[in-house]
Amino acid sequence: MNYQIIIPAYEPEFCLIDYVKELEAAGFSKPLIVDDGSGAAYETIFSTLKQMGCTVLTHSVNRGKGAALKTAFRYLLDAETDLPGVITVDCDGQHTVKDVTAVKVSLSAHPDTLVLGCRNFGKNTPGRSALGNRMMSWAMRVVYGIDLKDTQTGLRGLPPRYLAQIAQLKGDRYEYELNMLLFARQQALDFTVVPIDTVYFDNNSGSHFRTIRDALPILKCVFSGIVQYSTAAALSVVVDVFVYCMLVKLLLAGMPLAMRLTLAAALARTISSGVNYLCNRQLPYVQDKSFSGSLPRYYLLWLFQLAASIGGAYLLCVFAQMDEMAAKLLVDIVLAVISYQIQLHWVFARRKETMPHWNTFGRLFKRLVRLFLFRWKCEGTSPAAPVVYVVHHQNLYGPVHTVARLDKTVHVWALHVFCDRTECFHQYYHYTFTERFGWPKPCAFLAAGFLSLVVPSLLRSVGAVPVYRGSAAVRKTMRLSQELLLKGESIVICPDVDYANTGSLMGETYAGFLALDQYYRKETGHPLAFVPVHCSSAYRKICIGEPVYCTGSSRKERRKAAQILAHRVNVMACSCGDAFLRDTERQNPVLE
């Protein structure tokens, strides 16, 4: 399956035809080309491209590069084409086939990043282009924390999972590409930089960039972040200064200077900080909007900023003989600039995703559970290579016993709502305790609050893999699982549709997890073993069955393998006396 090349074209040269031929010769499929209102004078070029088999989409008038890219993205989304990635390329030939290939290779190696072919602007770069790019890089680094030497590159590799959201971004001209970078930062999507050649023809005279028409939207895009932050800061400053003045000049006027400044600053900052936090949390480019993640960091910064404000104002009043108000304003202006960068890079920054791993607490917890299961034993052997253990959930009975008693370290699949504190609380409060168990709401609230603190932390400590069923984010589940398997670690999966079923027989199951074989086989050339496991309460043992291998990648083959796995689990349950053999005939419908 090949990567889709997209070329937005406005008044292209005939060299575009030769460029497309070079791309095809390098192994790329026919590019998707957007004629952005070039007019009748360029009909010959686009007709030739159509005759070559290229899909050409046409705008009746020039709408801008951003609009052309969005037209192409929506075309791919409407076609529901399963692509490994999308690569955007300029039509002027500045992106060599060698560099396009390098971006494809990088996107293949880093499928969940935004790949950027970045130029290194040297002595041969036209002055206007070099100056504009350097200024833009500096502004994006200072305002948004995006550190790229080339923020306006048109050679980009896009992961398909974000294509629908990227197609909805604002901007129809060159500012659209900057909005794409801001979107990536807001989503904590990493940038993978690929150095490319810096190619300009005839001093870049063929550029369609118009200084006034195109520069103004770009400047608006860049500095909107400063305006938004300044507006939020101004509102909190008004509250802060008003309360500070009332206290310093009126309510606390009889106190000594140090005590008066300290108490007034503390009370004013306490009131205004709540206003400032709520405003900054809503800024569109911040990454972490959760209270649990950003609120503790914000108030830690607030404490340091409060101390600096008090100390700075006091020093200016004593040594520079400044008025209390003037000292307060000067210090807080300096602190606001510093605070913006700290909030951008730390307070509201999303933590980088890490691979699921067992930590010390997880290992201690496993040893503690094994003490209670000291009578249990394992029966059977599994392949030495990394495997996927398939277990009947039984309302946590299966995975807990399997993870605890297996001698090897394994990673269990866990529904994603239990891996996040906020979603975990909602799951327990709105469904488990109120709807399912019928508890009174106050009791459900307390229990859900406690469990939402414990369960996500416990799952992280044992290296659980979050499962996003029925969502495009399931790709994240598959990617994490694949990386764990390639590292030689095994996984425990409970494919039950009804995980609350406490019976010994596995009932209706999902089959999508068997797609792991396709990923694993592609990387290693070997099939992935799926091992059925039964936890026998009658004999207090973990029964490990013969491995099952998925013989194909079709849904039919996956359903067949899932049925075999469930049947073997149920047969082991019957052989242990936990169920009757005739009952297995009514089990094991499979869902994709």
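Applying a threshold of 6 Å to beta carbon distances and a minimum spacing of six or more residues, or different chains, the list of pairs starting in the range 214-236 at a residue that is at pLDDT 80 or above and ending at one that is open to solvent by 40 Å² or more (accessible area, probe 1.4 Å) and among the aliphatic types (A, V, I, L, M) reads SER236/VAL275. Part of a strand (DSSP E or B) and either surrounded by 15 or more Cβ atoms within 10 Å (Cβ to Cβ) or polar (S, T, N, Q) (or both) - does that describe any residue in the range 372-382? Yes, there is a match, as at least one residue in the range 372-382 is part of a strand (DSSP E or B) and either surrounded by 15 or more Cβ atoms within 10 Å (Cβ to Cβ) or polar (S, T, N, Q) (or both). Determine whether GLY488 is small (Gly, Ala, Ser) and in a loop (DSSP other than H, G, I, E, B). Answer is yes for this residue. Of the set (1) among the charged types (D, E, K, R); (2) at pLDDT 85 or above; (3) farther than 24 Å from PRO12 by Cβ, all apply to LYS104 but (3).
Just the residues that are assigned to a loop (DSSP other than H, G, I, E, B), open to solvent by 40 Å² or more (accessible area, probe 1.4 Å) and among the small types (Gly, Ala, Ser), please, taken from the range 1-38. Talk me through it step by step, then tell me what you get.
To start, the set of residues in the range 1-38 that are assigned to a loop (DSSP other than H, G, I, E, B) comprises 1-3, 10-14, 26-31, 37-38.
Now narrow it down to the ones that are open to solvent by 40 Å² or more (accessible area, probe 1.4 Å): 1-2, 10-11, 13-14, 26-27, 29-30.
Those that are assigned to a loop (DSSP other than H, G, I, E, B), open to solvent by 40 Å² or more (accessible area, probe 1.4 Å) and among the small types (Gly, Ala, Ser): ALA26, GLY27, SER29.
Check ALA258, ALA308, ALA327 and return the single one that is more than 40 Å from the chain's Cα centre (by Cα), surrounded by 13 or more Cβ atoms within 10 Å (Cβ to Cβ) and farther than 30 Å from MET180 by Cβ. Exactly one residue qualifies, and that residue is ALA327.
Only a single item in (1) in contact with a helix residue (DSSP H, G or I) (Cβ under 7 Å, 6 or more places away or on another chain); (2) closer than 30 Å to CYS574 by Cα; (3) open to solvent by 50 Å² or more (accessible area, probe 1.4 Å) is not met by ARG475, and it is number (2). Picking from residues in the range 345-371 that are in contact with a Gly (Cβ under 9 Å, 6 or more places away or on another chain) and closer than 21 Å to LEU480 by Cα, the one that is surrounded by the fewest Cβ atoms within 10 Å (Cβ to Cβ) is ARG351.
Applying the condition of being of a type in the set (A, V, I, L, M) and assigned to a loop (DSSP other than H, G, I, E, B) to the range 142-159 and asking which residue is farthest from the chain's Cα centre (by Cα) yields LEU155.
Taking ALA447 as the residue in question, decide whether it is surrounded by 21 or more Cβ atoms within 10 Å (Cβ to Cβ) and in contact with a helix residue (DSSP H, G or I) (Cβ under 8 Å, 6 or more places away or on another chain).
Values: surrounded by 21 or more Cβ atoms within 10 Å (Cβ to Cβ): no; in contact with a helix residue (DSSP H, G or I) (Cβ under 8 Å, 6 or more places away or on another chain): yes.
Answer is no for this residue.
If you go through the range 331-339 one residue at a time, do you hit one that is of a type in the set (Ser, Thr, Tyr), under 31 Å from the mean Cα position of the chain (by Cα) and closer than 26 Å to SER457 by Cβ?
So in the range 331-339, the residues of a type in the set (Ser, Thr, Tyr) come out as 339.
Keeping just the survivors that are under 31 Å from the mean Cα position of the chain (by Cα) gives 339.
When the remaining residues are screened for being closer than 26 Å to SER457 by Cβ, the result is none.
Scanning the range 331-339, I find no residue that is of a type in the set (Ser, Thr, Tyr), under 31 Å from the mean Cα position of the chain (by Cα) and closer than 26 Å to SER457 by Cβ, so the answer is no.
Is it true that some residue in the range 89-97 is touching a Lys or Arg at 6+ places or on another chain (Cβ under 8 Å), surrounded by 18 or more Cβ atoms within 10 Å (Cβ to Cβ) and either among the β-branched types (Val, Ile, Thr) or under 25 Å from MET180 (Cα atoms) (or both)? Within the range 89-97, not a single residue is touching a Lys or Arg at 6+ places or on another chain (Cβ under 8 Å), surrounded by 18 or more Cβ atoms within 10 Å (Cβ to Cβ) and either among the β-branched types (Val, Ile, Thr) or under 25 Å from MET180 (Cα atoms) (or both). Annotation note: of ARG74, ARG134, ARG141, ARG119, the sole residue that is modelled with pLDDT of 90 or more and within 26 Å of GLU175 (Cβ to Cβ) is ARG74. Filtering the range 396-454 down to residues that are farther than 17 Å from CYS535 by Cα and hydroxyl-bearing (Ser, Thr, Tyr), which residue is modelled with the lowest pLDDT? Out of the qualifying residues, it is THR422.
Scanning the range 46-72 for residues that are on the phi > 0 side of the Ramachandran plot and either of a type in the set (Ser, Thr, Tyr) or in contact (Cβ under 8 Å) with a residue 40 or more places away in the chain (or both) yields one hit, GLY64. I need the full set of residues from the range 514-544 which are open to solvent by less than 10 Å² (accessible area, probe 1.4 Å) and more than 19 Å from ASN570 (Cβ to Cβ), in order please. The answer is LEU516, ASP517, LEU528, ALA529.
The values are calculated or read from the model by the stated rules, or taken from the named source; none is laboratory data. Remember, it's a predicted structure, so these values are computed and weren't measured experimentally. Cβ: placed from backbone, ideal geometry, glycine included. Neighbour counts: every protein chain shown. Remember, those area values only see protein heavy atoms, side chains included, never the ligands or the DNA or RNA. Shrake-Rupley method; radii C 1.70, N 1.55, O 1.52, S 1.80 Å.
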